[in-house]
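Chemist: Got a structure for you, written out below as structure tokens; questions coming shortly.
The values are calculated or read from the model by the stated rules, or taken from the named source; none is laboratory data. Bear in mind that the values here come from a model prediction, so they are computed numbers and not experimental data. Cβ: placed from backbone, ideal geometry, glycine included. Neighbour counts: every protein chain shown.
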Amino acid sequence: MNLDLSLDLISPVWRLTTPQLIVFFLALVLLMLDAFLPKAKHFTVLTAVSIGGYAAAIVALYWQHDKNESTFNGLFRADGLTVFLSLILLCAAILSVMTSASYVDRLEGRMPLGEFYVLLAFSILGALLVASAGNLIMIFVGIELSALATYVLAAFAKRRATALEGAMKYFLLGMFASALLVYGMTWVYGITGSTDLDQIAAHLQGVVTGSESRQPEILFALLLVVVGLGFKIAAVPFHMWTPDAYDGAPTPVTGFMSVAPKAAGFAAILRLLVQGLGPLRDDWYLLIAILATLTMIFGNLVAISQRNVKRMLAYSSIAHTGYMMVGLAAYNSASGEGRFVSLAGDTAQSDPGITSLLYYLFAYAFVNIGAFAVITWVQHRGRGMLLEDFAGLGQTNPLAAFAMTIFMVSLMGVPPLLGFYAKYYVIVAAINADLLWLAVAVVLASALSAYFYLRVVAVMYFSAPSRELRATSTPLLNAGIALMAVANVALGLFSNQVLDLADFWSGAMTVAQAVASR
Amino acid sequence: MGELGVEHFLSLSAALFIIGMMGVLIRRNILIIFMCVELMLTAANISLIAFGWQMHSLDGQVFVLFTIAIAAAEAAVGLAIILALSRRVHTVDVAEIHELRD
């Protein structure tokens with residue numbers, strides 16, 4: 001270890017970590033407010049502070065958009081991937097706060113409201129750390145910080161046995177996955193002799209080009225890592241915890257759980273498989289492609305038989321994991337299809353596969369949290385989450401029904417909504433990478449999904465209302481739903497601009513790789 | 001008997017890992033499953049130390065410190081969830097906890 005690097009560890013460049021630090025201090029401030037503020041003011045002040053904190057972190061991200069640096073001796077990176085993933089996570093955090101505030105406040109047998117916001121902040125912080133990780137240790141610590149906070153969030157209604165049961169399954173399988181992941185990381189470290197992602201990639205590049213001997217253990221390590229992360233993103237056949245955990249958790253928390261931990265899992269996959277184990281792409285892409293196909297088909301097939309809308313969306317979220325993995329399988333460092341991106345004096349090519357995955361994650365945050373927000377809205381008004389509870393919503397409350405229609409149709413992937421472009425870019429990336437069969441699988445799986453998404457719409461408009469809605473005022477939730485519905489249309493119409501951003505930042509990541517491999 | 005080499009530690013670690021994994025997959029008691037997961041994490045720690053020792057690098061040992069800290073935090077969260085659950089349903093057998101079903 002040379003002197004420069006050691007100095008970097010003792011006096012790091014703190015300004016690179018501003019957004020993450022803001023979220024960290026937000027969590028601490030929330031803890032203090034929870035302890036010292038009078039109970040009556042908790043709802044207003046804590047909600048405002050949370051939203052303000054995440055918004056400030058997004059603003060701080062702006063000063064990082066053209067950075068390509070690392071600090072803390074390579075542990076922390078401020079590159080394109082960090083910026084885009086952080087943007088997704090912080091948007092998801094704001095939307096989750098907006099949709100969950102009133103629901104959690106009225107939840108029976110819950111923990112204090114302040115703890116909810118604190119856990120949310122720590123979960124986001126962990127995910128942000130994974131997004132900016134440059135080292136195996138950082139990936140592991142970040143993903144665990146995020147997961148630990150989410151386990152508690154899943155059990156937030158602590159007097160309800162189903163919530164605890166879901167949380168327990170989530171916890172046990174999550175831990176099991178972490179153990180597999182860390183054992184896989186151990187072998188990666190043992191074979192390559194480093195925990196730094198760039199050095200791992202450099203060593204493996206040497207192995208692939210033949211200057212060093214190839215060890216069969218590396219495939220074993222790769223398998224362990226893929227299985228461990230497969231649990232985290234809920235890919236079939238490692239999805240068993242998903243429906244139960246999603247069903248048991250408070251509804252807005254489910255929306256959060258389907259986006260933030262998934263984004264953290266994909267961040268870990270991007271950092272680990274693409275940046276660290278990228279040279280082994282030819283070994284892992286087929287595995288990912290097969291898992292993606294299984295995940296898409298299985299998720300959509302099982303979702304068809306669900307009467308409970310929350311469970312249906314749980315299986316639909318499994319299916320969407322599959323679509324995202326298609327983007328990952330289309331990663332190909334030598335494809336030459338991408339656009340040239342220049343950053344901080346270095347130029348490299350973006351990768352269409354990674355771009356489509358990033359775009360999909362971004363779109364998914366707005367669509368899925370929105371769908372769960374409408375279920376929350378219905379639950380507020382004294383109905384449950386069975387399909388029958390949505391009957392006649394089109395007559396009793398046209399606006400809510402309209403919003404739900406937008407989210408369902410967007411999840412299904414109909415133009416010109418956000419969800420369509422997400423799927424479109426994934427399919428294009430798969431075709432570019434010569435994975436035509438995978439692109440066909442995406443189309444077939446989407447066709448399958450039309451049935452259960454449209455069934456919700458049909459029930460809302462063509463069934464007679466079963467019961468009266470209770471009058472309840474939820475201004476923040478209404479604003480959140482309106483925001484997401486508008487975003488689905490607007491970001492769909494301006495999808496080129498968003499895609500350009502995703503493309504720029506996926507290119508920025510390749511720049512970082514190119515610099516490192518020199 | 002020859003000297004202790006890195007392969008001895010790796011074999012020990014692999015054995016512990018497999019015992020832990022089998023335990024998670026076979027046993028029905030939540031607490032035993034939980035202990036088996038801890039065993040798997042410990043197995044990973046042993047191989048991290050062994051690799052670090054073999055390569056004369058400190059990275060592996062630093063990694064172990066973080067893994068131990070995370071395992072401790074996980075025990076706190078996990079036991080809290082298990083405790084709250086066993087108070088509600090009066091059992092720690094996963095086969096008997098099945099309110100959530102398709």
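Chemist: Within region B:1-23, which residues are without any contact (Cβ under 8 Å) to a residue 24 or more places away in the chain and under 17 Å from residue A:185 (Cβ atoms)?
Modeler: B:20, B:21
Chemist: Touching a residue at least 60 places away in the same chain (Cβ under 8 Å) and within 26 Å of residue B:31 (Cβ to Cβ): which single residue out of A:195, A:251, A:242 fits that description? Before the answer, list the steps.
Modeler: Working: A:195 fails: within 26 Å of residue B:31 (Cβ to Cβ); A:251 fails: within 26 Å of residue B:31 (Cβ to Cβ).
Every option except A:242 fails the conditions.
Chemist: Being farther than 30 Å from residue A:388 by Cβ and surrounded by fewer than 19 Cβ atoms within 10 Å (Cβ to Cβ) is the filter here; which residues of region A:401-438 pass it? Don't jump to the end; show me each part of the working.
Modeler: Applying the first criterion (farther than 30 Å from residue A:388 by Cβ) to region A:401-438 yields A:415-416, A:421-422, A:424-438.
Selection gives A:415, A:416, A:424, A:428, A:431, A:434, A:436, A:437.
Chemist: Can residue B:93 be described as charged (D, E, K, R), in contact (Cβ under 8 Å) with a residue 60 or more places away in the chain and either more than 9 Å from chain A (Cβ to nearest Cβ) or surrounded by 14 or more Cβ atoms within 10 Å (Cβ to Cβ) (or both)? Even if it seems obvious, please write down each step before you answer.
Modeler: Values: charged (D, E, K, R): yes; in contact (Cβ under 8 Å) with a residue 60 or more places away in the chain: yes; either more than 9 Å from chain A (Cβ to nearest Cβ) or surrounded by 14 or more Cβ atoms within 10 Å (Cβ to Cβ) (or both): yes.
Yes, satisfied.
Chemist: Follow-up. Give region B:47-79 a look and list any residue that's within 9 Å of chain A (Cβ to nearest Cβ), over 23 Å from residue A:169 (Cα atoms) and assigned to a helix (DSSP H, G or I), or say none.
Modeler: B:47, B:48, B:50, B:51, B:52, B:54, B:55, B:59, B:60, B:62, B:63, B:66
Chemist: With (1) within 20 Å of residue A:14 (Cβ to Cβ); (2) buried (at least 24 other Cβ atoms within 10 Å of the Cβ) as the list, and residue A:60 as the residue in question, which single condition is left unmet?
Modeler: Of everything listed in (1) within 20 Å of residue A:14 (Cβ to Cβ); (2) buried (at least 24 other Cβ atoms within 10 Å of the Cβ), residue A:60 misses just condition (2).
Chemist: I want to confirm something. Restricting to region A:291-319 and keeping residues that are among the β-branched types (Val, Ile, Thr) and within 20 Å of the chain's Cα centre (by Cα), which single residue is nearest to the other protein chains (Cβ to nearest Cβ)? Quick ask: steps written out before the conclusion?
Modeler: Quick first cut of region A:291-319, residues among the β-branched types (Val, Ile, Thr) only: A:293, A:295, A:297, A:302, A:304, A:309, A:318.
Now narrow it down to the ones that are within 20 Å of the chain's Cα centre (by Cα): A:293, A:295, A:318.
Working: A:293: 22, A:295: 17, A:318: 13 Å.
The qualifying residue nearest to the other protein chains (Cβ to nearest Cβ) is A:318.
Chemist: Among the residues of region A:171-219, what is the count of those that are over 30 Å from the mean Cα position of the chain (by Cα) and within 7 Å of chain B (Cβ to nearest Cβ)?
Modeler: Result for region A:171-219: 1.
Chemist: Taking region A:131-147 on its own, how many of its residues are of a type in the set (S, T, N, Q) and either more than 10 Å from chain B (Cβ to nearest Cβ) or surrounded by fewer than 24 Cβ atoms within 10 Å (Cβ to Cβ) (or both)? Working first, answer last.
Modeler: Pass one, region A:131-147, residues of a type in the set (S, T, N, Q): A:132, A:135, A:146.
Restricting the remaining residues to those that are either more than 10 Å from chain B (Cβ to nearest Cβ) or surrounded by fewer than 24 Cβ atoms within 10 Å (Cβ to Cβ) (or both) gives A:132, A:146.
The number of residues fulfilling the criteria is 2.
Chemist: Farther than 28 Å from residue A:102 by Cα and touching a helix residue (DSSP H, G or I) at 6+ places or on another chain (Cβ under 6 Å): which single residue out of A:452, A:462 fits that description? Working first, answer last.
Modeler: On the way: A:462 fails: touching a helix residue (DSSP H, G or I) at 6+ places or on another chain (Cβ under 6 Å).
Exactly one residue qualifies, and that residue is A:452.
Chemist: Can you tell me which of A:502, A:508, A:514 is modelled with pLDDT under 85, within 30 Å of residue A:197 (Cα to Cα) and surrounded by fewer than 17 Cβ atoms within 10 Å (Cβ to Cβ)?
Modeler: Sole residue among the options that is modelled with pLDDT under 85, within 30 Å of residue A:197 (Cα to Cα) and surrounded by fewer than 17 Cβ atoms within 10 Å (Cβ to Cβ): A:514.
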